[in-house]
Amino acid sequence: MLLITCPWCGPRAESEFSCGGEAHIVRPKDPDALSDAEWADYVFYRTNTKGDHAEQWVHTYGCRRWFNVIRNTVTYEIKAVYKPGETPAGGEA
Amino acid sequence: MSAQAKRLDRGGRIDRATPVNFTFNGKTYQGCAGDTVASALLANGVHLLARSWKYHRPRGVIAAGAEEPNALLQLETGAYAVPNARATQIELYEDLKASSVNAWPSVEFDAMAINGWFARMIPAGFYYKTFMWPKSFWTKHYEHYIRKAAGFGVAPVDHDPNRYEKTNAHCDVLVVGAGPAGLAAALAAGRSGARVILADEQAEMGGSLLASTQTIDGQPAAEWVSAALAELATLPEVRVLPRATVYGYLDHNFLTIAERLNDHLPLRARSANRERLWRVRAKRVVLATGAHERPLVFGNNDLPGVMLAGAVSTYTNRYAVRLGDKAVVFTNNDSAYQSALDLHAAGVNVVAVVDPRSNPQGELPLAARAAGIRIIDASVVTEARGGKRISGVQVMGLTANGEVGGSAQALDCDLLAISGGWSPVIHLSSQSCAKAIWSDEKACFLPGKPVQAEVSVGACAGEFTLNAALAGGLAAGAQAAQLADFETGVPATPEVRDPLEQPMLALWRVPSPAKPGRGSKAFIDFQNDVGVSDIRLAAREGYQSIEHTKRYTALGFGTDQGKLGNINGMAVLAEALAQTLPETGTTTFRPNYTPVTFGTIAGRDLGELFDPIRKTALHGWHVEHGAKFEDVGQWKRPWYYPRPGEDMHAAVNRECLAARNGVALMDASTLGKVDIQGEDAAEFLNLIYTNAWKKLGIGMARYGLMLKEDGMIFDDGVTVRLAENHFVMTTTTGGAARVMTWLERWLQTEWPHMKVRLTSVTDHWATIAVVGPKSREVVSRVCPDIDFSKEAFPFMALREGTAAGVAARVVRISFSGELSYEINVNANAARQVWDAVMAAGAEFDITPYGTETMHVLRAEKGFIIVGQDTDGSVTPQDCGMGWAIKKTGDFIGRRSFSRPDTARSDRKQLVGLLTSDPNVVLPEGAQLVKNPNAPIPNPMEGHVSSSYWSANCGRSIAMALVKDGFKRMGETLHAPLGDGRVVSATICKPVFIDPEGAHQNV
Ligand SMILES: [Zn+2]
């Protein structure tokens, strides 16, 4: 049961949140300009990071807002929490 | 035998003034308040408590706590039955009833004990190997045999009458275990003012101190415990939880505790909650979980009367039980000499202490010798003998190179106390992701480097002396408080003197003097009947890793989870593989430390409270009118409305005919509704839906398909435009929450620049669908201020006005192909409007219908239901809905249409199916093949997604997803069914009624 700090509500139990998977996957501005492989990479492929991993979470049973989390996939330590459009303190997104 | 014949005259912590009567295997016994079932039975001289699960060997109590592998009892009967309760942990209460498991017909005479003789026929891997034998042999012979032989207790079949509850707590310091280290830690942390929770699985706090003969600050240890508890009670921020097992150490210092509130009470005295689940988030955790003593491994080491030395002291000192008349102690370390002294002090004849070490000179061995106890050094017990109770041991010398030799001597005894050293209880540390570290010096696994905010102290950290436990506990408690931002110092350690000890001699198994394959079985895992020979067999058969060996032999399985046997088992495997113990593997413990009841985990989340039940504003009317309901997500939706004498078939047929020939109405309030406002609302819909929205006129509605980025259909529904920047979207009933989350995600994370706001209004509006050729006449009467003429109110238009005097939004849309209107009103007024529609339609015999009729009506028109005719792998084109896709401009999923797999023309496509026999209704999900007689695996051509009897068509109709289906009109496919029938059906367009759409064009 992770303890996740919602940027708007503060620390709450994991059971209030849902994970949306890898963060910072930007929807291509012009999908037609992409090859099938490039489009497939955007739609289907995700990194399987061992270590610090940027992911999206939503405070489902709270403010219903989405935000980003840097979570270590080995230790489950949460290194940073930041709003969409922000960069995490002390590191790159 | 008189009551409690084996109870010592004095001493112990049981209350002799409060006798407690109980029943074991149908026989009545008496114990005392403060007893466990195990101590009470032992006080009555009952040592044979159980039969082992595989060989049905006689088994007795070996331990005194959670690590007990043998004495699993069936506690109580009926709804209160508890299978696999540990006799060592069940507190005795008046009228308790318990019985042995694995014994048939009785524990004294067990017919299955032939298994012991049969042992060579069922070695390790028996299950795996048996599965490879002929299947018929398995089902006819072995399964029957194993089902009778295997398994522990019997789960209750009655509804659990108990209540359970959950509570959440936060604390600065959680201390697990209230032995010397835990009590010290709780005191040091509690004095700082920190919020402390101290949990211990036993009813009485104190752990090993409750059986200790040591003194602390010159007082008996138990008096120090009383003083510590008294002080803790004065600290307002300290919560002491007895009977509370910390069974899970999860992420981010979240721990789960099962607190047993009334299992210790007579059944008739129980009320309120049986157990409470504590969900604790702790800033710091101090683990003081103690250590489990390891058995020694020799022939017949499982006989009743063979007990761990520490448990012998506990039963003698704490429970005042005389465990035997003639005792032998067999130990590879100094600690068990204390047990010899305790037995001696209790008047038991200690025949000898057998020690593999030469001339042990530790303080306790010297004390034993001084007490006149014979020490047979450089020797081992090679075999125990006896039937239902140990009657003696065979002792042989142990040479310096670790072999047994010399002449054997036989000693008579009825009690054998054994100690192979101590294993720290690192379960919670391991659960917290710290990797256990093997210590050669201490011959045990120690807790690894902490990953979470925790520390282990005392015996669970490999610090086995009382002084180290107290000092370590005080330091850890103070430090935990400091780390939680409380100012405090480390209290002085009380005065304690531990006996000077000599090192133990690691002895993982006693060498067998018998030839391989002969000799009596030496057990490692008592609960799973795993012996040395089983582990060696696994090694011979190629199992190199402890993880594989465990699964092959069942070592460490069951309720025991390897508490006693794991280390010995790993050592025997390491020896067989000629490698070191750390090379053989480490040991990883997962939750739960001890079994947890389902009730504790479920708490109050049962029955109607398991999941929210959502009812529409019209639910009461549906109930009053006899509706049968079906669950759609969390909603209760009317399924059909049977009239007296009607079955479902008859009711649905009647409802379907009414909708196409007269007028019918349905409660469509469960459809998801999202209010969308903002100047970018139309642009947003352009990206979310596959069609264009900017030019939709105000007061008009449009059907939309929503895709995932992979191009597959995700949801659908009708959205109306109320104003330039104001839309109301409807979603499928089951998809409402998913869609809302999906829309919010795009807005918040991808398009935050868009000025769009979303509000779920599903519950705010009630929706009444009025359907059929007479619907216009009905709604005209209900909504007199709206012009329902064909010209004034065209298809896919919205009009605002009143319905039965209530502000209403009326939309002319159709999910049936008939003329149809949906009246939307404030949910609070739903009943008033519904009643008005019923009244207005009375002269046309207006017919309420449910979801089943809705499904049939839409299938007659070939309209899809997302999630039934689609499954996440279906594109709009696959459904023949290319018309819903705009030609220019991007939207989610569009680019995927040109992926090679999505662009294939021979994908599975949605078609209609007409069975050759019009009276046969295909089962949904039926697979379709070209040739039903083709050899298996018969290539699948597709499957039936929707199938109904259509009263309007006078025959069955179906929809199916068929490979390249659009090009296969007229082809006959076959559905081989589970019952042996083969149903033939011909592919057609999936529109069975009114293909021109004339019905709604009126
Ligand atoms: Zn929040």
Revision key, fill the gap. Quick shape check on the range B:327-393: root eigenvalues a ≥ b ≥ c of the Cα gyration tensor, a/c under 1.5 is rounded, otherwise prolate if a/b tops b/c, else oblate, and it reads oblate
Exercise for review: Using only Cα atoms, locate the centre of the range B:393-411 and the centre of the range B:584-610, then give the distance between them in Å, rounded to an integer.
Suggested key: 46 Å
Review point. What ³J(HN,Hα) values, in whole Hz, does the Karplus curve 6.51 cos²θ - 1.76 cosθ + 1.60 give for the range B:237-248 when θ = phi - 60°, with x put for Gly and Pro?
Key: 8, 9, 10, 9, 10, x, 6, 10, 9, 7, 9, x
Study note, to complete from the structure: For A:Gly20, the residues 5 or more places away or on another chain with a placed amide H closer than 5 Å to its own amide H are A:Gln56, A:Trp57, A:Val58
Check your understanding: Could you state the number of Å between the C-alpha centres of the range B:457-480 and the range B:712-778?
Key -> 62 Å
Review point. What is the Cα centroid distance between the range A:43-63 and the range B:867-896, reported in whole angstrom?
Key: 27 Å
Review point. What full-extension length gain, to one decimal in nm, is calculated for B:Leu265 and B:Val761 as 0.36 nm per residue of separation minus the Cα-Cα distance?
Key: 173.5 nm
Revision key, fill the gap. Looks like the range B:295-420, by Cα gyration tensor root eigenvalues a ≥ b ≥ c and the a/c under 1.5 rounded cutoff (else prolate when a/b is bigger than b/c, oblate otherwise), is oblate
Revision key, fill the gap. B:Ala484 neighbourhood, Cβ < 9 Å, K/R = +1, D/E = -1, net charge +1
Review point. Is the range B:904-1001 best put as rounded, prolate or oblate by its Cα gyration tensor, with a ≥ b ≥ c the root eigenvalues, rounded for a/c under 1.5, and otherwise prolate when a/b is larger than b/c, oblate when not?
Key: oblate
Revision key, fill the gap. The exposure ranking of B:Trp949, B:Trp639, fewest beta-carbon neighbours within 10 Å first, is B:Trp949, B:Trp639
Review point. Using the per-residue mean of other Cβ atoms lying within 10 Å as a proxy for protection, in what order, highest first, do the peptides B:207-214, B:233-240, B:535-542 fall?
Key: B:207-214, B:535-542, B:233-240
Point to revise | Using θ = phi - 60° and Karplus 6.51 cos²θ - 1.76 cosθ + 1.60, couplings along the range B:879-894 (whole Hz; Gly, Pro as x) | key: 8, x, 10, x, 4, 8, 10, 6, 8, 10, x, 8, 7, 5, x, 4
**Study point:** Exposure proxy order (Cβ contacts within 10 Å, fewest to most) of B:Leu758, B:Leu92
**Key:** B:Leu758, B:Leu92
Review point. Averaged over B:745-755, how many beta carbons belonging to a partner chain fall within 10 Å of each residue's beta carbon?
Key: 4
Review point. So what are the radius of gyration and Dmax for the Cα set of the range B:515-579, in Å?
Key: 10.8, 33
Exercise for review: Could you state, as a whole-number percent, how many of the C-alpha pairs of the protein assembly as shown are farther apart than 58 Å?
Suggested key: 33 percent
Check your understanding: Using θ = phi - 60° and the Karplus curve 6.51 cos²θ - 1.76 cosθ + 1.60, what whole-Hz ³J(HN,Hα) does each residue of the range B:700-705 get, with Gly and Pro shown as x?
Key -> 10, 10, 8, 7, x, 10
**Study point:** Peptide ranges B:307-313, B:980-986 listed from the most packed, as the mean C-beta count within 10 angstrom indicates
**Key:** B:307-313, B:980-986
Check your understanding: When Cβ neighbours within 10 Å are restricted to other protein chains, what is their mean count per residue of peptide B:247-254?
Key -> 4
Review point. Going by how many other Cβ atoms sit within 10 Å of their own, how do B:Lys54, B:Lys695, B:Lys930 line up, fewest first?
Key: B:Lys695, B:Lys930, B:Lys54
Review point. Which residues' amide hydrogens lie under 5 Å from the amide hydrogen of B:Gly392, considering only partners 5 or more residues apart or on another chain, with H built in the peptide plane?
Key: B:Arg385, B:Cys413
**Study point:** Among the listed pairs B:Lys708/B:Lys774; B:Lys886/B:Lys967; B:Lys97/B:Lys521; B:Lys755/B:Lys861, those beyond 31 Å (Cα-Cα)
**Key:** B:Lys708/B:Lys774; B:Lys97/B:Lys521; B:Lys755/B:Lys861
Exercise for review: Hey, can you grab everything whose amide H is under 5 Å from the amide H of B:Ile197? Only 5+ residues off in sequence or another chain; H modelled, so Pro and N-termini drop out.
Suggested key: B:Val173, B:Leu174, B:Val175, B:Arg239
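Here, each number is a calculation from the coordinates, and none is a lab measurement. Source: prediction; values computed, not measured. As a convention, Cβ positions derive from the backbone with ideal geometry for all residues, glycine included, and neighbour counts pool all protein chains shown.
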